[in-house]
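Structure record follows, encoded as structure tokens.
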Amino acid sequence: MTASAEETRPAPPPAPAIETEVVVVGAGQAGLSAAYHLRRRGFAPYDGFMVLDADHAPGGAWRHRSPTLTMAAVHGFHDLPGLPLPPADPGRPAREAVPEYFAAYERTHGLPVVRPVRVRAVRSDPDGRLLVETDAGRWSARALVNATGTWTRPFVPHYPGAGLFHGRQLHYAEYGGPEEFRGQRVVVVGGGASAVQVLAETAAVAQTTWVTRRPPVFRDMPFSPEAGRAAVALVEQRVRQGLPGQSVVSVTGLTESPAVRRARELGALERLPMFDRITASGVAWDDGRTVAADAIVWATGFRPAIGHLAPLGLRGPGGGIALDGTRAAADPRVHLVGYGPSASTVGANRAGRAAAHAIHALLRLPAHA
């Protein structure tokens, strides 16, 4: 049987790529900061730069945070440049207030955000430009700012017996509040602020056990700017060496927050060392100790969402992308913001400004600010 003409007809060529000077991938804090500073540097919306965002609406990762995380519990949030965060009801969920602010920011500064667009791969074109392949077409740019954050890549470590557990296992990214655990026995894994938030809420309605790999360090004194800079410098040193970045809180420890105080009042901060295996009914240690559990909440952090950059070959032998400031050491056209030492709201703001400055110098456009 011979194939019909329709079956053998070659596929049509892909649509031409949309050309712009700079593509920003991600419209969270770091991406919006970079977009703001690119515009101030003279890059015009659309022809000069575009922001591609995978979400259906503004807000970045904040849109997906737990509904129980209120503005009162959000610490260290820094305003985006050029527009202060309006006063918010302390009891209002951050997943509502912050996306509203981001939406107002995009409108106020006329930022060219295109959504929803999921970036699948970034490749180097023979003509020296970067080809950004997405589920909504292709973009061609002379430089790229990657601001994809970490929220879409929750990390759960492997432990023996995980598949035997009869209860529920979930990452902090799926945590929807304490009511779903009422009357249960819950093991919370992780030594950061997210784990403490879960403990502070869940311990009021459930029997909780806190497990961490290292003993947590609590700071009962205010965290000074000098200590903050020193902590960021340690994270930055790893990134410069091309090693996977650590979170800043892994260096700074836990500050005295309302969540820490509440968890302490509930007696939930009695920490156990990391268990050795998971059983059908809970967790166990090699010394014979066991804890029964109905649920295990993995508050074990996230990994950078940078898989789409793989075709550029930016990763070094250490497993991370070596950076010089925000610039990828292996490719001066590519900048990463909200990555490593800039994975905080104040760090994201500074990184966005630095990336825009470096790209402006690389492309030599006239400065307007």
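Of note:
- The condition of being at positive phi, within 26 Å of the chain's Cα centre (by Cα) and of a type outside the set (Phe, Trp, Tyr) does not hold for Gly42.
- Tally of residues being of a type outside the set (Ser, Thr, Tyr) and more than 27 Å from the chain's Cα centre (by Cα) across the range 276-306: 16
- Residue pairs whose Cβ atoms lie under 6 Å apart, sitting 6 or more positions apart in sequence or on different chains, and linking a residue in the range 136-151 that is polar (S, T, N, Q) to a partner that is in a strand (DSSP E or B), are Ser140/Glu19; Ser140/Leu131; Asn146/Val25; Asn146/Leu336; Thr148/Val25; Thr150/Phe302.
- Some residue of the range 307-323 being open to solvent by less than 30 Å² (accessible area, probe 1.4 Å) and either charged (D, E, K, R) or without any contact (Cβ under 8 Å) to a residue 60 or more places away in the chain (or both): yes
- Lone unmet requirement of (1) within 29 Å of Ala195 (Cβ to Cβ); (2) not in a loop (DSSP other than H, G, I, E, B) for Ala35: (1)
- Residue satisfying all of: in the range 57-89; under 27 Å from Ala356 (Cα atoms) and assigned to a strand (DSSP E or B); most open to solvent (accessible area, probe 1.4 Å) among these: Leu83
- Considering (1) of a type in the set (Gly, Ala, Ser); (2) farther than 28 Å from Phe49 by Cβ; (3) over 23 Å from the mean Cα position of the chain (by Cα), the lone condition that Ser124 does not fulfil carries the number (2).
- Near pairs, Cβ below 9 angstrom, 6+ apart or cross-chain, from the range 205-218 (within 12 Å of Val189 (Cβ to Cβ) and modelled with pLDDT of 95 or more) to any residue that is outside any strand (DSSP E or B) and β-branched (Val, Ile, Thr): Thr208/Val198; Thr208/Thr202; Trp210/Val196
- For Pro366: the one exception among (1) modelled with pLDDT under 95; (2) under 20 Å from the mean Cα position of the chain (by Cα): (2)
- Hits in the range 38-56 (condition: of a type in the set (Asp, Glu) and either open to solvent by 50 Å² or more (accessible area, probe 1.4 Å) or in a helix (DSSP H, G or I) (or both)): Asp47
The values are calculated or read from the model by the stated rules, or taken from the named source; none is laboratory data. Here the structure is a predicted model, which means the values were calculated and not measured. Counting neighbours? That spans all protein chains shown, and the Cβs are built from the backbone with ideal geometry, glycine included. Only protein heavy atoms, including side chains, enter the accessible area calculation; ligands, DNA and RNA are left aside. Shrake-Rupley method; radii C 1.70, N 1.55, O 1.52, S 1.80 Å.
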